[in-house]
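What follows draws every value from the coordinates through simple rules; no lab data is involved. Quick caveat: nothing in here was measured; it's all calculated off a predicted structure. Quick reminder, even Gly has a Cβ in these numbers, built from the backbone with ideal geometry, and neighbours come from all protein chains shown.
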């Protein structure tokens, strides 16, 4: 079995039109996702999504990279020191 890591992917969505693509990507990686929480920040017109994932490092990087390439979407990934 391939070694996995626990990570938190923080996503800030400034473009509401990107939500469908975000959900499609998260569904694609759903077997690795432990939990997800979304917070709409209506006062600033953005949404903040936190995704906790336990996956191989390459999969975490791929998901974070694909999300970050969407227009109006920013991501940052924080990795656990536990492998």
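So here's what we get for this one:
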read-out	value
Neighbours by Cβ (under 7 Å, 6+ apart or cross-chain): first from region 1-29, touching a residue at least 24 places away in the same chain (Cβ under 8 Å); second surrounded by 15 or more Cβ atoms within 10 Å (Cβ to Cβ) and assigned to a loop (DSSP other than H, G, I, E, B)	18/70; 21/70; 22/70
Options 71, 40: the member that is exposed (fewer than 14 other Cβ atoms within 10 Å of the Cβ), over 12 Å from the mean Cα position of the chain (by Cα), free of Cβ contacts under 8 Å to residues at least 40 places away in the same chain and not in a helix (DSSP H, G or I)	40
Test for residue 60: is it under 23 Å from residue 3 (Cβ atoms) and outside any strand (DSSP E or B)	yes
